[in-house]
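The values are calculated or read from the model by the stated rules, or taken from the named source; none is laboratory data. Remember, predicted model here, so these are calculated numbers, not experimental data. Methodologically, a virtual Cβ is constructed for each residue, glycine included, from the backbone with ideal geometry; neighbour enumeration extends over all protein chains shown. SASA here: full protein model, heavy atoms, side chains in, ligands and nucleic acids out. Shrake-Rupley method; radii C 1.70, N 1.55, O 1.52, S 1.80 Å.
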Amino acid sequence: MSEHNSTDFETFLRSIQKQYLCCYPLHCIVWETFPKDMTWDEQKDLIDATYNSPLNQKLPIKIAYQLNFLKKLIAFLEQTTSEVHDAVYESYCDVQLRVAEDSTQKYAFKHYLLDEQTHFTLRESKSFVAEGTTGLCSWQASLALSDFILRHPDIVRNRRILELGAGTGLCGFILFKMCQPQQLMISDGSPQCVELMCESVERNFPDAHLLNSNGKYSWNEQILQCSVISWNCINECEEVVDLCPEILLAADVVYDDSCFDDLSFAIDFAFKLRNNQVEMYLAATVRNEHTLNGFLKKLGE
C-alpha cells in the first residue's frame, strides 16, 4: 500500500469525522470518494477520528448509527485494501456488545464540529417524534439556517433576536457563540425541548452565569434566554415584550398546516412590537410544496 498525500488525507479525516459525530445520514456519505488502498496507519487514523474520537468515547452517538457506519466501512475496506486493520474489526465488535444496552436508551449525543476549536454537543432524541414533539432532535433546516447566518454574521451581531420553534436550540447556540448577538431568546412550545436546551447551555457554555430560574444566562456580556412559548399565547409572554426582538428566526416550522394560524399570530405579534421594523429569516425543508405554499399564502394575507 502507498501513503496518500498527507494534506489530502487530513482533509478527508476532518470531513468524515464531522459527518460521523453528528450522525450524518449514511446514504448521503459518498463512499466512492474515500481514499482507496488505505495503509495500515491510515485505517487506524480513520478509526481514531470516528469511533475512537474522545468526544464519542465520552458522550457516544447513537449505537445503531455507529454499527451501520462500521459495517459499511468494513465492506469498503475489504474491497479496496489488501488487509483491514484489527482496530476496525475490534471497534465493530465493541459496538455490537453495546446494542442490547442501547436499546433501552431514548437519547444519544450528537457533536457538531464547526472548526478546530469549536464544537457543540447536544443530547437528542433517537426518534424523530418523541414525547409529543419533533423538537427533541435537530433537523437539516436548522443547520442550513446556521450556515447562512455564519456566512452573514452582521444580520445578528449586536441585535435582539427571538427564535421560534427552536427545538434542540442548535441554531441559536451556534449564532450565540459565533456571531455576538446582544440578546437571544430561543423558544419552543415544548417544555421538554426547553429543558434540553438548558442542559445544552450548561454543557456548551460552562462559564455562563445563570441569572434566574427561568433559563436566563449571561455569557461574554451577551444574554441568552431559553423559554417555553406557545405561539398562540405569545402575547401573554412578558419576556418577549421586554426583548422586543429586531430579528425573528425559525427553522423547519412550516411542515404542519394546522399550526399556520398560531405561527402567523406569533410572527404578527413580534412585528407589531416594533411597528413592523423587524426582519425574519426562515429556513424550511420542502417536503410538500402545497403545504409550504399554503404558509406563504397565509403570510400574504
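In table form, for the structure just shown:
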| read-out | value |
| --- | --- |
| Accessible carbon and sulfur surface of the chain relative to its total accessible area, %, 1.4 Å | 48 percent |
| Too-long pairs where the Cα-Cα distance tops 30 Å, listed order kept, from 71/177; 18/106; 106/298; 106/177; 58/177; 72/126 | 71/177; 106/298 |
| Whichever lysines have a C-alpha closer than 27 Å to that of residue 297, once near sequence neighbours (fewer than 8 apart) are set aside | 272 |
| Computed [θ] at 222 nm, helices only, for the chain once each DSSP H run of length n ≥ 4 contributes -39500 (n - 2.57) | -13500 deg cm²/dmol |
| Shape of region 8-155, Cα gyration tensor, a/c cut at 1.5 | oblate |
| Solvent-accessible surface (1.4 angstrom probe) belonging to residue 83, in square angstrom, nearest 10 | 100 Å² |
| Global form of region 53-131, assessed from the alpha-carbon gyration tensor, a/c cut-off 1.5 | oblate |
| Solvent-accessible heavy-atom area per residue, rounded to whole Å², over region 42-99 at 1.4 Å | 47 Å² |
| Label-point gap, in nm, between residue 10 and residue 114 - each point 7 angstrom along Cα→Cβ | 2.3 nm |
| Helix axis angle, 191-204 relative to the chain longest principal axis, alpha carbon, degrees | 60 degrees |
| Three-way shape call for region 17-75 based on the alpha-carbon gyration tensor, with the a/c threshold at 1.5 | oblate |
| Cβ-derived FRET efficiency at R0 51 Å, residue 100 paired with residue 280, nearest 0.05 | 0.65 |
| Between 0 and 90°, nearest 10: helix 289-300 axis offset from the chain longest Cα axis | 30 degrees |
| Gaussian network model of the chain, Cα within-10 Å springs - most flexible of 219, 31, 40 | 31 |
| Angle between the chain longest axis and helix 86-102 axis [Cα atoms, degrees, rounded to 10] | 50 degrees |
